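The values are calculated or read from the model by the stated rules, or taken from the named source; none is laboratory data. Predicted model only: the values in this text are computed from it and were never measured. Reconstructed Cβ throughout: ideal geometry from the backbone, glycine too, with neighbour counts over all protein chains shown. For accessibility, only protein heavy atoms count, side chains too; no ligands or nucleic acids. Shrake-Rupley method; radii C 1.70, N 1.55, O 1.52, S 1.80 Å.
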Amino acid sequence: MSERKWLLSAFLPGAGQFLGGRRYRGGAILLLWLILVVIVAAYGQPIWWISPILIWLWNIWDAFHLQRLGREASLFLPLLAGLSVLYGIGWQITQIDLRSADMRRALQIVRPMLRPDFVQPRRELNQMWVEILVPCKENPPRAFNKLDGKTAMATPDCARVGEVVIVSVQGLWPNTDTQIWWQTPIGDPKMLGPNESQMLILPTDDNGALSATIRVPTTALVAAPDPSLALPHRVYFDQYRNVGGWELSFNGREVLKGAGVTIAMALMATVLASLFAIPISFLAARNLMGGHPVTFAIYFAVRTFLNVLRSIESLILALIFVVIVGLGPFAGVLALALHSIAALGKLYADVLESIDPGPIEAIRATGANWAQVVRYAVIPQIISPFVAFTIYRWDINVRSATIIGLVGGGGIGYLLVELIRINDMRGVSAVFITIAVIVIALDVLSARIRERLV
Amino acid sequence: MLRVEHLTKIYPNGTVALKDVSFEVPDGEFLVVIGLSGSGKSTLLRCINRLIEPTEGKIYWNDVDITAASPAQLRQIRRQIGMIFQQFNLVRRSKVITNVLAGRLGYVNPWLSLLGIWPAEERRRALAALERVGIADKAYERADALSGGQQQRVGIARALMQEPRLILADEPVASLDPVLAHSILQYLEELNKEGVTVICSLHFLDLVHRYATRVIALKQGVKVFEGKPQEIDRQRFKEIYGEEAQEVRAASL
Ligand SMILES: Nc1ncnc2c1ncn2[C@@H]1O[C@H](COP(=O)(O)OP(=O)(O)O)[C@@H](O)[C@H]1O
Ligand SMILES: [Mg+2]
């Protein structure tokens, strides 16, 4: 019987090892094997059972080895089997699904991104309009307009929502596509193409004239305070043509504006933060505060506070400030500033702790007063590293400001979210490029400045 | 005339750096303080201008009690006492001329000095001081661009700006090689000949013999010798320095 002890492991994993004197090994094998079985039962698919079965077989082999040959079997196989199960769980809970990585959808997004919407050909607008009363009233004014040699008219002179109107225009550029659209008295644009969801576009003839049949948009009176009141609506005729050269597109302007806001946010936050961080850093410098138990307690409290504050991501702070002060750059500035106070406070304090006390005693020895000692012995030692760290922080804050924009903190990040929401991938691409350019440029710039300061 | 009476310094951690030290320094003397590293030389020099507060004892400077001076009085006293350090203690990132001008801080209008505004007269004085120590051409370089010997000359120029009546020099040449050591000490000797009292701590016996008019020796904070430099022969030196004497002499050759 005793020669066959290893066989017990076939009934209960680890039993053979346990009875063979290797109690810990036996216990560990049983425990880990049971855990594995539970995991596979809870999460696994049928094929996963291979793993506990393999380990079970290995365990018999191990027990046999121990008893007959006196040495342990290699751990390679059970480790591999166990790790594959763990990897399988990871795969499952991170919802990796290779089928969703769809090439066609990826291309739909990537292709427009290859043409970032930043500039457009410079265009000139040729516009004409005519006013028409909706709904009708007695003796409506004639729907006729004459302007700069162009004439436009509509018949009838007034109409109700959904009624047909014939509009015509003369004196525009010949043979040019013309966008025809509706504007309500409060300035809302309405489209006149199919389903009122597309722009109605028609070309002018050789003489620069066109006429079209339109329907008064069903939504023309939606926002009107009193739908029965007859008010003049307008039909616009817009023509565009290239005049050579390029200009910023609408998105291009928005991107630049957003970038400006983001950089300014970072700048405001950094300056604000350093104003607070400078006095705080003196309280957090051990060499200045270590002399007395009370000052040391202050030092310790300030350091701890800075460490805790620094560990809160500015993104989290931004979420909080968005709730407090509302969406927009101000929330971002506050979040960045608070985080930067902690970061800069620590960096400044480290600078203060590393200053050379020699010049301080030398200046004191000349009969200088306290302020003169600070001015001539302390400030010259700290100014360069302070400036260098502040620029470095500004650099970091520009990146953070971009991310903070995503959660409503304003600037280019917020623009990015909006563009993604309306699926304007060309705009998104312009944002990406701009962010990359800013980050790289600032990185190089701040490195240069810091190099010169050190 | 400087009079030190029963001076004792005990650091907050309990170290007794000076124990009941008394001596007098008549005007115009070149007093050298010797003693092993840790014997209290730096502490003694710093107690004289109260960079370190003495624990007990009195220090009189022309019958004014330095140890009892108010902060304003103390600044008045300090500005007449130039100090030179082993590590030069220049503001390394500042220009040489700024370091030298700083020696004048006890005299000029404090508000203007805080704004960094210096009268043309003071600038001329600073350039003259640099001229005197032979490095006027370095005036507008950063202090850390200078060699050790040049930095110590800037230190002397800074002390000169104070128009000092007394100069405290704490191992002014310990960081310099022997040739430079002489060139630096010669400036102090020159000043001494002009009537400035000098108190200087030194390590090397040959330098003591060459420059001192009188010597005091400290050992573990206690004054163990006071007398003429000629009285210190090898035997005495060995008593003061103990086992290290041989090494020190070797280094001084
Ligand atoms: N700030 C201090 N706190 C505690 N002990 C000190 C301090 N400065 C010096 N000491 C001690 O006082 C003694 C004398 O030091 P010091 O005056 O620097 O001697 P020396 O200049 O002769 O080398 C030494 O034992 C030193 O360790
Ligand atoms: Mg010393």
Quick one: B:K95 ticks every box in (1) charged (D, E, K, R); (2) away from ligand 1 (no atom under 16 Å from the Cβ); (3) open to solvent by less than 50 Å² (accessible area, probe 1.4 Å) except a single one, so which number is it?
(3)
Just one of (1) assigned to a helix (DSSP H, G or I); (2) farther than 17 Å from A:A368 by Cα trips up B:A102, so point out which.
(2)
Is there a residue being of a type in the set (S, T, N, Q), in contact (Cβ under 8 Å) with a residue 24 or more places away in the chain and facing chain A (nearest Cβ under 8 Å) anywhere in the range B:61-68?
no
When the range A:169-185 is checked residue by residue, the ones that are within 47 Å of the chain's Cα centre (by Cα) and open to solvent by 20 Å² or more (accessible area, probe 1.4 Å) are A:W173, A:P174, A:N175, A:T176, A:D177, A:Q179, A:W181, A:Q183, A:P185
Out of (1) open to solvent by less than 40 Å² (accessible area, probe 1.4 Å); (2) out of contact with any helix residue (DSSP H, G or I) (no Cβ under 8 Å at 6 or more places or on another chain), what's the single condition that is false for B:G106?
(2)
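Filter the range B:23-35 down to the residues that are of a type outside the set (D, E) and more than 7 Å from ligand 1 (Cβ to nearest atom) and list them by number.
B:F23, B:V25, B:P26, B:G28, B:F30, B:L31, B:V32, B:V33, B:I34
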Among helices (runs of 4 or more DSSP H) completely within the range A:317-403, the ones holding 3 or more residues that are within 14 Å of another protein chain (Cβ to nearest Cβ) are A:357-365, A:370-373
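So that you can scan it fast, the table gives a plain yes or no per residue for (1) touching a residue at least 24 places away in the same chain (Cβ under 8 Å); (2) touching a Leu at 6+ places or on another chain (Cβ under 8 Å); (3) at negative phi:
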| position | (1), (2), (3) |
| --- | --- |
| B:Y140 | yes, no, yes |
| B:A145 | no, no, yes |
| B:G148 | yes, yes, yes |
| B:Q152 | yes, yes, yes |
| B:I156 | yes, yes, yes |
| B:M161 | yes, yes, yes |
| B:L166 | yes, yes, yes |
| B:D170 | yes, yes, yes |
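Per-residue answers, yes or no, for (1) more than 28 Å from A:V431 (Cα to Cα); (2) of a type in the set (S, T, N, Q); (3) touching a helix residue (DSSP H, G or I) at 6+ places or on another chain (Cβ under 9 Å); (4) surrounded by 14 or more Cβ atoms within 10 Å (Cβ to Cβ):
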{"site": "A:R105", "(1), (2), (3), (4)": "no, no, no, no"}
{"site": "A:R111", "(1), (2), (3), (4)": "no, no, yes, no"}
{"site": "A:L125", "(1), (2), (3), (4)": "no, no, no, no"}
{"site": "A:I132", "(1), (2), (3), (4)": "yes, no, no, yes"}
{"site": "A:N145", "(1), (2), (3), (4)": "yes, yes, no, yes"}
{"site": "A:V167", "(1), (2), (3), (4)": "yes, no, no, yes"}
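Looking only at the range A:31-77, filter to residues that are among the polar types (S, T, N, Q) and out of contact with any Lys or Arg (no Cβ under 9 Å at 6 or more places or on another chain); which one of those is modelled with the lowest pLDDT?
A:Q45
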Filter pass, B:V16 being within 12 Å of ligand 1 (Cβ to nearest atom), hydrophobic (A, V, I, L, M, F, W, C) and open to solvent by 50 Å² or more (accessible area, probe 1.4 Å):
yes
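Quick check, is B:I52 out of contact with any Gly (no Cβ under 9 Å at 6 or more places or on another chain), within 16 Å of ligand 2 (Cβ to nearest atom) and part of a loop (DSSP other than H, G, I, E, B)?
Details: out of contact with any Gly (no Cβ under 9 Å at 6 or more places or on another chain): yes; within 16 Å of ligand 2 (Cβ to nearest atom): yes; part of a loop (DSSP other than H, G, I, E, B): yes.
The answer is yes for B:I52.
For the range A:238-279, how many residues are crowded, with 19+ Cβ neighbours inside 10 Å and over 29 Å from A:A436 (Cβ atoms)?
Residues of the range A:238-279 that are crowded, with 19+ Cβ neighbours inside 10 Å, as a first pass: A:239, A:251-252, A:254-255, A:258-259, A:261-263, A:265-266, A:268-270, A:273-274, A:277.
If we keep only those that are over 29 Å from A:A436 (Cβ atoms) as well, we get A:239, A:277.
Residues flagged as crowded, with 19+ Cβ neighbours inside 10 Å and over 29 Å from A:A436 (Cβ atoms) within the range A:238-279 amount to 2.
Among residues belonging to the range A:186-216 that are more than 15 Å from A:V164 (Cα to Cα) and assigned to a strand (DSSP E or B), point out the one that is least open to solvent (accessible area, probe 1.4 Å). Give the steps one after another, and end with the answer.
Within the range A:186-216, the first condition is being more than 15 Å from A:V164 (Cα to Cα), and the residues that meet it are A:186-190, A:197-199, A:201-210.
After this cut, where a residue has to be assigned to a strand (DSSP E or B) as well, the list is A:189-190, A:201-203, A:210.
Values: A:P189: 89, A:K190: 39, A:I201: 84, A:L202: 55, A:P203: 78, A:L210: 17 Å².
Here the answer is A:L210.
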Neighbours by Cβ (under 7 Å, 6+ apart or cross-chain): first from the range B:32-56, under 14 Å from B:K19 (Cα atoms); second part of a loop (DSSP other than H, G, I, E, B) and more than 12 Å from ligand 2 (Cβ to nearest atom):
B:S39/B:Q220; B:S39/B:G221; B:G40/B:G221; B:C47/B:P54
So B:L36 ticks every box in (1) open to solvent by 10 Å² or more (accessible area, probe 1.4 Å); (2) more than 8 Å from every other protein chain (Cβ to nearest Cβ); (3) outside any loop (DSSP other than H, G, I, E, B); (4) touching an Asp or Glu at 6+ places or on another chain (Cβ under 8 Å) but one. Which box is left unticked?
(3)
Hey, B:F85 hits all of (1) within 7 Å of chain A (Cβ to nearest Cβ); (2) open to solvent by 10 Å² or more (accessible area, probe 1.4 Å); (3) within 19 Å of B:A159 (Cβ to Cβ); (4) in contact with a strand residue (DSSP E or B) (Cβ under 9 Å, 6 or more places away or on another chain) but one; which does it fall short on?
(2)
Being open to solvent by 50 Å² or more (accessible area, probe 1.4 Å) and not in a helix (DSSP H, G or I) is the filter here; which residues of the range A:1-48 pass it?
A:M1, A:F11, A:L12, A:G20, A:G21, A:R22, A:Q45
